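Heads up, the thing below is written out as structure tokens.
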Amino acid sequence: MKSFLDLDDLSADRLEAVLARAGELERRPLSDALRGRIVALLFMNPSLRTLASMQAGVAQLGGTSFVIAPGQGSWQLETRDGVVMDGDAAEHVREAIPVLAQYADALAVRCFARGKELGEDLADGVIRAMAALSPVPFVNLESAASHPCQVLADWKTLDDLEVPRHGGRFVLSWVWHPRPLPYAVPASALAMAARRGMQVTVLRPEGYGLPESVMARARAWAARSGGSVTESSDREAAMTGAHVVYAKSWAAPAFYGRPAEEAPVRAGLREWCVSEAWYRSAAPGARFMHCLPVRRNVKVTDEVLDGPRSVVVRQAGNRLHAQKALLLEMLAGEGA
Ligand code: CP
């Protein structure tokens, strides 16, 4: 596997191998499997978990990493093709990616959605173009439409917690946020749960259904895995028997790229904040998941986040183990 742009890039057997190896690495974190290897980390957008877990993971495997954060000690980078570069960006990724690749054995990149054109962001063309420019293995650290490292860790978290793959009820719920957010995490979490064979409900207010291409991909995974994917705006019905609520906010597709027009619709939805009351009809011990960062008492109450349901810190911990396993798969394993 030369590029990991989406969880779909891992075949069923390699996914299971990576998950198993992630478990082994959690139990025995240190090795010299990447001794002498360098991983370049390019962060076009901010991060806490992804940046720290990648650097820590490479170090625990005996390798080295360096970080480029455009605009913070390095040149602003342009990602669009055919533009007249007379603005802030002094360098184009067409040069920057192959240059960095000469200094490293792998390249890992975060580049969020532009948030202007729905079709453009869903196509994930920017990260795909960057991967195509890289002669060395390439890892997506969150792009416009996908956050595969996050959901690889989330899959492990669900396995760790023994949430059933088949018959497990997974609610992906829209929650309020002051601004419209992109589809990378909800699209990836939905596809992951469907591929895992779970009974998935996308719970969202009217007008906030995920784009049809995102839903269609999840339904296709469910058809293959024996799972199911439905949508609802009925919270009580969606939560009945739920094992997991995975909270995330996203933009209303009809207003994509026009936040001012969406604002009045969004303003009336502040009660979409996960609280204990949501769990009335859920399965005993039902969990709360979120990729973090999370706004307390905006997306989820303190009570849920600080209580026994919340596994958000465990999810973040699994980023380390899962990404180490992925790097070994790409640089030193059977899939390399
Ligand atoms: N979940 C996640 O990717 O966190 P960061 O944005 O902090 O990296």
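If I filter the range 74-82 for residues that are polar (S, T, N, Q), under 30 Å from Glu261 (Cβ atoms), out of contact with any Phe, Trp or Tyr (no Cβ under 6 Å at 6 or more places or on another chain) and surrounded by 15 or more Cβ atoms within 10 Å (Cβ to Cβ), do I get at least one hit?
yes
Give the range 152-188 a look and list any residue that's among the small types (Gly, Ala, Ser), assigned by TED's automatic domain parsing to the domain that holds Leu203 and in contact with a helix residue (DSSP H, G or I) (Cβ under 6 Å, 6 or more places away or on another chain), or say none. Passing the criteria: Ala187, Ser188.
Condition check ((1) open to solvent by 70 Å² or more (accessible area, probe 1.4 Å); (2) under 23 Å from Leu161 (Cβ atoms); (3) of a type in the set (A, V, I, L, M, F, W, C)) across all residues:
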residue: Met1; (1), (2), (3): no, no, yes
residue: Asp6; (1), (2), (3): no, no, no
residue: Leu10; (1), (2), (3): no, yes, yes
residue: Leu19; (1), (2), (3): no, yes, yes
residue: Asp32; (1), (2), (3): yes, no, no
residue: Arg35; (1), (2), (3): yes, no, no
residue: Ala40; (1), (2), (3): no, no, yes
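Restricting the range 102-155 to residues that are within 16 Å of the ligand (Cβ to nearest atom), open to solvent by 10 Å² or more (accessible area, probe 1.4 Å) and touching a Cys at 6+ places or on another chain (Cβ under 9 Å) leaves a set whose member that is farthest from Gly62 (Cα to Cα) is Ala144. When restricted to residues that are open to solvent by 10 Å² or more (accessible area, probe 1.4 Å), charged (D, E, K, R), over 17 Å from Ala189 (Cα atoms) and part of a helix (DSSP H, G or I), the range 297-327 contains 2. Of all positions in the range 290-297, at least one carries a residue that is under 22 Å from the mean Cα position of the chain (by Cα) and under 19 Å from His243 (Cα atoms). Being of a type outside the set (Gly, Ala, Ser), under 19 Å from the mean Cα position of the chain (by Cα), away from the ligand (no atom under 16 Å from the Cβ) and at pLDDT 95 or above is a property that Val163 lacks.
The values are calculated or read from the model by the stated rules, or taken from the named source; none is laboratory data. Fair warning: this is a prediction, and the values are worked out from it, not measured in the lab. Positions of Cβ are generated from backbone atoms using ideal geometry, with glycine treated the same way; all protein chains shown enter the neighbour counts. Surface accessibility is based on the protein's heavy atoms, side chains included, excluding ligands, DNA and RNA. Shrake-Rupley method; radii C 1.70, N 1.55, O 1.52, S 1.80 Å.
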